[in-house]
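The values are calculated or read from the model by the stated rules, or taken from the named source; none is laboratory data. Since the model is a prediction, treat every value here as computed from it, not as a measurement. For neighbour counting, all protein chains shown are included, and Cβ atoms are generated from backbone atoms with ideal geometry for every residue, glycine included. SASA here: full protein model, heavy atoms, side chains in, ligands and nucleic acids out. Shrake-Rupley method; radii C 1.70, N 1.55, O 1.52, S 1.80 Å.
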Amino acid sequence: MNYKNFEDLPVWNAAIEFALGLFEFTAGADFRGFGDLKNQIERAAVSISNNIAEGFERGTNNDLIYFLYISKGSAGECRSMLRICERSEKFSNFRSEISNLIRREESISKQLNGWRASIESCGRG
């Protein structure tokens, strides 16, 4: 299926929903004592959808693939920081939310990887 706008992309929408869910988590959790972790994880979450959009808007397969790699990297960065939260007693009241966010991130990462592989093998679809 060909998409005309990045807003129509399922993976972009999943990334937006992930970011919104992450913002709910960070709004309720106490990040004092964790340096700039809250800001960094929020920025990485926003970077996922932004890089999908930027790659899509550039209009070439090479650019799209490049930005999908960056988006996937940002997704991994989020997962890494969520794993820090998951292992910290300070966030023990948020274990279920953290696990849900990790599952959502893993799904986004798989979608990005699948889309990239598809583009590399047969063009921009």
| said: The conditions are (1) assigned to a helix (DSSP H, G or I); (2) among the hydroxyl-bearing types (Ser, Thr, Tyr); (3) closer than 16 Å to residue 119 by Cβ, and residue 3 fails exactly one of them. Which is it? | reply: (1)
| remark: When (1) under 17 Å from the mean Cα position of the chain (by Cα); (2) charged (D, E, K, R); (3) not in a helix (DSSP H, G or I) are applied to residue 24, the one that fails is (3)
| Residue satisfying all of: in the range 67-125; within 16 Å of residue 12 (Cα to Cα) and not in a helix (DSSP H, G or I); most open to solvent (accessible area, probe 1.4 Å) among these | 124
| said: If residue 38 satisfies all but one of (1) free of Cβ contacts under 8 Å to residues at least 24 places away in the same chain; (2) open to solvent by 50 Å² or more (accessible area, probe 1.4 Å); (3) in contact with a helix residue (DSSP H, G or I) (Cβ under 8 Å, 6 or more places away or on another chain); (4) closer than 20 Å to residue 109 by Cβ, what's the number of the condition it fails? | reply: (4)
| Would the range 12-31 turn up any residue that is open to solvent by 80 Å² or more (accessible area, probe 1.4 Å), out of contact with any strand residue (DSSP E or B) (no Cβ under 9 Å at 6 or more places or on another chain) and closer than 26 Å to residue 122 by Cβ? | no
| Residue check, residue 64 open to solvent by less than 20 Å² (accessible area, probe 1.4 Å) and outside any loop (DSSP other than H, G, I, E, B) | yes
| Quick check, is residue 56 open to solvent by less than 70 Å² (accessible area, probe 1.4 Å), in a helix (DSSP H, G or I) and more than 27 Å from residue 3 (Cβ to Cβ)? | no
